[in-house]
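The structure under discussion appears below in the form of structure tokens.
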Amino acid sequence: MASKLLRAVILGPPGSGKGTVCQMIAQNFGFQHLSSGHFLRENIRAKTEVGNMAKQYIQKGLLVPDHVITRLMMSELEKRREQHWLLDGFPRTLVQAEALDRICELDLVISLHIPFETLKDRLSRRWIHPPSGRVYNLEFNPPHVHGIDDITGEPLVQQEDDKPEAVAARLRQYKVVAKPVIDLYKRRGVLHQFSGTETNKIWPYVHMLISNKIVTVESKEAYRACPME
Ligand code: G5P
Ligand code: MG
């Protein structure tokens, strides 16, 4: 792994496979996978002040206010200054992207484009293991035993915001707020878009992109350490 710390973000509508792709990247490249939804759900379970506030929004499929999520994510990033990280679900609005800009420069932004019908199907079949954030799908990656987490043997649950009304609201909202964020990263030349209906078919391209990025960063670092006359 390169000595420079890599800063990456994955964008995409609910159900587009951000969490699934991040799990693959984390396993293959050792990035820390930081999911804003996971941190929010942890806070809800722990009944913190942030969690109690966020719950009302999440259950309705609405975005949590910018200042709440930004403060939460900044404090999580502060704890991981020395690690390569990959943000999943943050930033989601232009205000959040500007807050992230103030603390780091992104090396890479991945944006997933998946058809609407595919998203609705996937979310209604999703089950998760709340303590770890592990994601399953009854068709795509089912647990070994129905309703049970493969690693811990604990029960899986279906999230409140995967209910049909909440899913439709989340998809509508994504289209509106994500556009300026995508445009910003496109203008900066760090955005890489992937389209398709199957994560396993998108994955080899994402793998290649990250491998190339790591090689590029390593060669730049080597050049800086030993510049040619
Ligand atoms: P989250 O938790 O960030 P969303 O809405 O961004 O939630 P979500 O639902 O977690 O996104 P995903 O991570 O993009 O989707 O997708 P996933 O979980 O990997 O895959 C979806 C399902 O499809 C899984 O069951 C998976 O196994 C399956 N799957 C994947 N690939 C395939 C495939 O190829 N084929 C098939 N058949 N299945 C597949 O945020 C939750 C809420 O928190 C708040 C908001 O209220 C949000 O709604 N929040 C924020 N609010 C404000 N600002 C922020 N930055 C916020 N972040 C979170
Ligand atoms: Mg997710």
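Return the residue satisfying two criteria in turn: it lies in region 43-61 and is within 16 Å of ligand 2 (Cβ to nearest atom) and aliphatic (A, V, I, L, M), and of such residues it is nearest to V167 (Cα to Cα). For region 43-61, the residue satisfying everything is I58. Considered as a group, the residues in region 115-133 that are more than 15 Å from Q173 (Cα to Cα) and in contact with a helix residue (DSSP H, G or I) (Cβ under 8 Å, 6 or more places away or on another chain) include one that is nearest to ligand 1 (Cβ to nearest atom), and that residue is R126.
Tell me, yes or no, whether region 30-39 has at least one residue that is farther than 22 Å from A178 by Cα, more than 10 Å from ligand 1 (Cβ to nearest atom) and of a type in the set (F, W, Y). The answer is yes; a qualifying residue exists.
Answer yes or no as to whether R170 is outside any loop (DSSP other than H, G, I, E, B) and either in contact (Cβ under 8 Å) with a residue 12 or more places away in the chain or of a type outside the set (F, W, Y) (or both). Yes, satisfied.
Against the conditions (1) touching a residue at least 40 places away in the same chain (Cβ under 8 Å); (2) surrounded by fewer than 15 Cβ atoms within 10 Å (Cβ to Cβ); (3) closer than 28 Å to Q56 by Cβ, Q193 satisfies every one except (3). Count of region 159-193 residues, restricted to those that are within 30 Å of P131 (Cβ to Cβ) and not aliphatic (A, V, I, L, M), is 10.
Looking only at region 1-45, count how many residues are aromatic (F, W, Y) and without any contact (Cβ under 8 Å) to a residue 40 or more places away in the chain. Number of matching residues: 1. Scan region 41-59 and give yes if some residue there is part of a helix (DSSP H, G or I), within 16 Å of R134 (Cα to Cα) and of a type outside the set (K, R), otherwise no. Checked against the condition, which is being part of a helix (DSSP H, G or I), within 16 Å of R134 (Cα to Cα) and of a type outside the set (K, R), region 41-59 yields at least one hit.
Only one residue in P91, P130 is over 30 Å from Y185 (Cβ atoms), in contact (Cβ under 8 Å) with a residue 40 or more places away in the chain and buried (at least 16 other Cβ atoms within 10 Å of the Cβ), so which one is that?
P130
A short reminder: the numbers here are calculations on the coordinates, not readings from a lab. The model shown is predicted, which means the values in this text are computed figures rather than measured ones. Positions of Cβ are generated from backbone atoms using ideal geometry, with glycine treated the same way; all protein chains shown enter the neighbour counts.
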